[in-house]
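Beneath this line is the structure, given in structure tokens, with notes to follow.
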Amino acid sequence: MTEPVAESLAQLVERVEDLSRIVARQAATIERLADEAKARARQDRAGADLPLVVELFALHNDTAACAATAESLRERAAFEVIGARVERLLTGRGAAIVMPRPDDPFDSLTMEAADVTATTDPDADRTVDGLVHPGLTVAGRSVRPAGVVVRRYRAVEESA
């Protein structure tokens, strides 16, 4: 190869490498911007859906109350079906109903103590004795804490 051709070829290779670096940087920037837009859309949607989720949760509680006080098995079954469908809607919007069961440990992030009851069992200290009302979490954040009755250990005093 002649000197000018080799020099032109070297310049061409250098330009292709420069363009490759530019394209790689632009691809990374576009990917980062797309990820940020997706995250912003998720956050906006969660914020926009929050009032709807709270209303659905209230509807869920109402249907549960109606099912519990229904005068016939047919009415109870109908209210339970409606409650299950509302719960699916809540789950589809990133919410979860918090319904602690007896003996679950008390979690101050998702529960509030509506009442306290004494226990003589030290292993039952700070555990749930009963559910007063369910709670609601959205995207891992407690929106409505579940109301529970909490057990507190009290040592029994022996009389002499």
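May I ask for the Kirkwood hydrodynamic radius of the stretch 60-138, worked out over all distinct Cα pairs and given in angstroms to one decimal?
Result for the stretch 60-138 stands at 14.4 Å.
State the percentage of accessible surface on the stretch 52-160 attributable to carbon and sulfur atoms; use a 1.4 Å probe and exclude ligands, DNA and RNA.
Its accessible area is 52 percent carbon and sulfur atoms.
In a Gaussian network model over the chain where Cα atoms closer than 10 Å are linked, find which of LEU33, LEU56, LEU12 has the largest mean-square fluctuation.
Highest fluctuation among the options: LEU12.
Over all directions, the average projected area of the alpha-carbon convex hull for the stretch 1-135 comes to how many nm²?
Its average projected convex-hull area is 17.1 nm².
Any idea of the accessible area per residue across the chain, 1.4 Å probe, to the nearest Å²?
Accessible surface, normalised per residue, equals 73 Å².
The values are calculated or read from the model by the stated rules, or taken from the named source; none is laboratory data. All of these numbers come straight from a predicted model, not from anything done at the bench. For the accessible areas, the whole protein counts, side chains as well, though only heavy atoms, and no ligand, DNA or RNA atoms are used. Shrake-Rupley method; radii C 1.70, N 1.55, O 1.52, S 1.80 Å.
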